[in-house]
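These notes are about the structure you will find just below.
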Amino acid sequence: MTDQPLLALALVAGASLVGVGLVVAVSWLVRVVRRPLLVAPHAGGMPVVEHAVSRWHVRWPTLALVFLAFDMEMIFMFPWTLVVARSGPAAAVEMFVFLGVLLAGVAYAWREGAFRWS
């Protein structure tokens, strides 16, 4: 831009000060009032029962993963029913190996107590 390093430094410092000044001015103009939300529409107008970031049981993610495993199984089962007639017994063997892996995962989750809610 220029051959004068002090002028370039002054321009960068000035632009930085203007930027910081704008941020401070906007933060003063737009004040966020921090007070608890006691009455507000939630879940279709129902009253708020608990905080939005409340604790949830640690078993929910495990249950969600088991659901996704079986959901993926169904996604792969529907096209398989159309292909198995053309591919022959090899497709049937592959699908039963896939189902066996899923069943092994469910057996492991069952053994570890993922399905117990007590």
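The values are calculated or read from the model by the stated rules, or taken from the named source; none is laboratory data. Bear in mind the structure is a predicted one, so any value in this text is a computation, not a measurement. Every residue, glycine among them, receives a Cβ derived from its backbone with ideal geometry; neighbour counts consider all protein chains shown.
Here are some notes:
- Among the residues of this structure, ARG116 does not count as one that is of a type in the set (Lys, Arg), at pLDDT below 75 and assigned to a loop (DSSP other than H, G, I, E, B).
- Of the residues making up segment 24-81, just one is of a type in the set (Asp, Glu) and at pLDDT below 75, namely GLU50.
- Qualifying residues in segment 60-105 (those that are over 30 Å from ARG116 (Cα atoms) and polar (S, T, N, Q)) - the one surrounded by the fewest Cβ atoms within 10 Å (Cβ to Cβ): THR81
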